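The next block holds one structure in the form of structure tokens; read it before the comments.
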Amino acid sequence: MKDYREVAESVLRRSRKEAEKRRKRERQLAVWTASAAAALALAAVIGVGVMYGKSSRGAADHEREAQGSSSLSGNDNLSGNNDLPGNDNLLGNDHLPDSDNLPDGDPSGHSPASDKASGNRDAAGSEEIFERDPSDSTNGAGNTADSVSVTPGTANEKNPITKAPDTAKEDDGPIWSDGEKSIYLRKKTNGYPAQEPGPDSAVFSPSGKKAELIPVEGWSFQALKVTLEDGTEKECKLTDVFFSSLNDFCWIGEERVVLEGHRNPSLNVYIVYHLEQNSFEEYYGLFFTWDGNYDKLYYVQPAPHFGAGPASEKIADQEETIYYKTEPGERLVDTLILDEKGEYIGFFVEADEAKRSFAILNCETMEILYEERNVNYNDAEIIVE
Amino acid sequence: MDNGASSYRRFLDGDENGIVEIIRDYKDGLILYLNGFTQNIHTAEDLMEDTFVRLVVKKPKFSARHSFKTWLYTIGRNVAIDYLRHSARTILTSVEELQNIESDEAGLEQAYLREEQKIMLHRTMNRLKSEYQQVLYLSFFEDFDNGQIAAVMKKSRRQIENLMYRAKMSLKSELDKEGFIYEGL
């Protein structure tokens, strides 16, 4: 056993290391953000270049057709793409591109893509980023989770992911878009309608119905007692439902009461009580999350403790539909994030503490739409537009 | 003793001695409390350090809604639960380590609990369920009232009363086996 001075010394040393690690992580994030921005800019420049190439080829072909030429040497123009203005800018050249190098039909050498590329020139200079103050969230280098670098998804090859433009990070734009729909992550504002359990563990509906947990004589499970506005009482024994502490207890509207009990650090029990039927359903798992309309309940079915070997964890709904299954040994951690209609689920997967990623799943197709590593979007909600 | 709050304020103002004082005053009790989760005094010691590291790195706000000690133990509990969640599949203890654990635990008991009767009681408590250990430890050795225990263990007062009753019954039965009587029961 260490004495308190040794402990204090060790605590302070570890804290300094921890702080240093945090600073390093922030710097890395800044570099990754800059790299992603540069890569996106390059992709945009190449895309524009190809378009220019096509249009100039088309013009040349028309000319040749008019001249009755059968030559296919229009490919010559493709080589002009190597001299695209954006490439120069990405490499840090400050001079404007020579108009000689530009594809036909663009005498000014000015295009949105080249502007974008030159605008990202600073971000691509890693030296400058290292000199920035990592605690300064306004430096545009990406200290916040919202500006973490984007890694393209891997599991959706049939439906290729269109990455949101890099400027979206600064504008709080979509993190994913397929052209029709865009997904945004926003700080949560209209969360779960949790009510703090009072000293008697009683909670009230908006119209004043009271729900409380009462002991059942001779049994170690409890009963849910509901007192209606007119004083009528209903009682429902939570037979064989055991938990050690109450994490959540609240009404959903006027007809349902939900409560979440803690069983062990890896398992909670979730009860949904229906007032009209005076009956309840029970679910065992973690991260119980309703969609925005409180129609569908999603939760994580964790791997069993002390199992024979590494097992998978699953995302399920109240009908036991499995939406996602991790690789054996991987864990679903922290939370589930849902959009209002329950069409998309955001979740965190951790292979080990160093490998943590965030993904968005389409509940209908059960495909991963988006994946991003080393992020933390706690306390966020998904908005689909 | 609730100087923890003023020490913590001093620490937040930049005086490292503040945190050293907090560690001096609370480390032993925290280890014994966390031992209720881990059943391994060495792991509990590590978690105690983790608790203070969390305090130093994150500098959470102390609102004085509860006493500093209650607040600190709540952080310790969160650290322990995080640990159990992350390592639930890999807790392995060798026989040699078990022997070290026993001797270190005995040393800490001597230093912190001092009285032979309390040490005996603490050892008997170690045979009980984790939750019973926690509630009894906070009540008997840290003199927390039910409200404070409820805050640390994130339960309602009524649940703590029930838990305390069951824990005492269980402890009494264990003590009876040893022919030992504790007047606090």
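The values are calculated or read from the model by the stated rules, or taken from the named source; none is laboratory data. These numbers were taken from a predicted model, which means no experiment stands behind them. Counting neighbours? That spans all protein chains shown, and the Cβs are built from the backbone with ideal geometry, glycine included. Just the protein is used for accessible areas: all its heavy atoms, side chains included, with ligands, DNA and RNA removed. Shrake-Rupley method; radii C 1.70, N 1.55, O 1.52, S 1.80 Å.
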| field | Filter pass, A:Glu371 being away from chain B (no Cβ under 14 Å) and either part of a loop (DSSP other than H, G, I, E, B) or farther than 30 Å from A:Ala36 by Cβ (or both) | value | no
| task | State all residues of segment B:39-81 that are more than 23 Å from A:Met1 (Cα to Cα) and not hydroxyl-bearing (Ser, Thr, Tyr); if no residue qualifies, say none. | result | B:Val57, B:Lys58, B:Lys59, B:Pro60, B:Lys61, B:Phe62, B:Ala64, B:Arg65, B:His66, B:Phe68, B:Trp71
| note | Filtering segment A:247-260 down to residues that are among the aliphatic types (A, V, I, L, M) and buried (at least 19 other Cβ atoms within 10 Å of the Cβ) yields A:Val257, A:Val258, A:Leu259
| For A:Ser312, all conditions in the list (1) open to solvent by 30 Å² or more (accessible area, probe 1.4 Å); (2) outside any strand (DSSP E or B) hold save one; what is the number of the exception? | (1)
| task | Could you please find all residues in segment A:1-48 being modelled with pLDDT of 80 or more, closer than 30 Å to B:Ala106 by Cβ and either in contact with a Pro (Cβ under 6 Å, 6 or more places away or on another chain) or not hydroxyl-bearing (Ser, Thr, Tyr) (or both)? | result | A:Asp3, A:Arg5, A:Glu6, A:Val7, A:Ala8, A:Glu9, A:Val11, A:Leu12, A:Arg13, A:Arg14
| request: Among the residues of segment B:1-30, write down those that are more than 14 Å from chain A (Cβ to nearest Cβ) and open to solvent by less than 40 Å² (accessible area, probe 1.4 Å). | output: B:Ala5
| task | Looking only at segment A:187-199, decide whether some residue is surrounded by 19 or more Cβ atoms within 10 Å (Cβ to Cβ) and at pLDDT 75 or above. | result | no
| note | Exactly one of A:Glu9, A:Glu18 is facing chain B (nearest Cβ under 7 Å), surrounded by fewer than 18 Cβ atoms within 10 Å (Cβ to Cβ) and in a helix (DSSP H, G or I), and that residue is A:Glu18
| query | Can you name the residue in segment A:282-309 that is of a type in the set (A, V, I, L, M) and either open to solvent by 40 Å² or more (accessible area, probe 1.4 Å) or within 14 Å of chain B (Cβ to nearest Cβ) (or both) and is also farthest from A:Ser266 (Cα to Cα) among such residues? | reply | A:Ala308
| query | What number of residues within segment A:199-224 satisfy the criterion of being farther than 27 Å from B:Val135 by Cα and of a type in the set (D, E, K, R)? | reply | 2
| remark: Filtering segment B:132-161 for residues that are within 12 Å of chain A (Cβ to nearest Cβ), in contact with a Gly (Cβ under 8 Å, 6 or more places away or on another chain) and under 18 Å from B:Ile31 (Cβ atoms) leaves a count of 1
| task | Would you check which residues across segment B:74-93 are away from chain A (no Cβ under 11 Å) and either open to solvent by less than 20 Å² (accessible area, probe 1.4 Å) or modelled with pLDDT of 75 or more (or both) and list them? | result | B:Thr74, B:Ile75, B:Gly76, B:Val79
| at pLDDT below 90, surrounded by 17 or more Cβ atoms within 10 Å (Cβ to Cβ) and at positive phi: does that describe A:Gly346? | no
| task | Any chance you could count how many residues in segment B:52-73 are within 12 Å of chain A (Cβ to nearest Cβ) and either touching a Lys or Arg at 6+ places or on another chain (Cβ under 9 Å) or at positive phi (or both)? | result | 5
| Quick check: is even one residue across segment A:217-232 crowded, with 16+ Cβ neighbours inside 10 Å, in contact (Cβ under 8 Å) with a residue 12 or more places away in the chain, hydrophobic (A, V, I, L, M, F, W, C) and within 22 Å of A:Lys341 (Cα to Cα)? | no
| field | Lone qualifier among B:Met164, B:Met120, B:Met169 - being open to solvent by less than 40 Å² (accessible area, probe 1.4 Å) and either at pLDDT 85 or above or more than 11 Å from every other protein chain (Cβ to nearest Cβ) (or both) | value | B:Met164
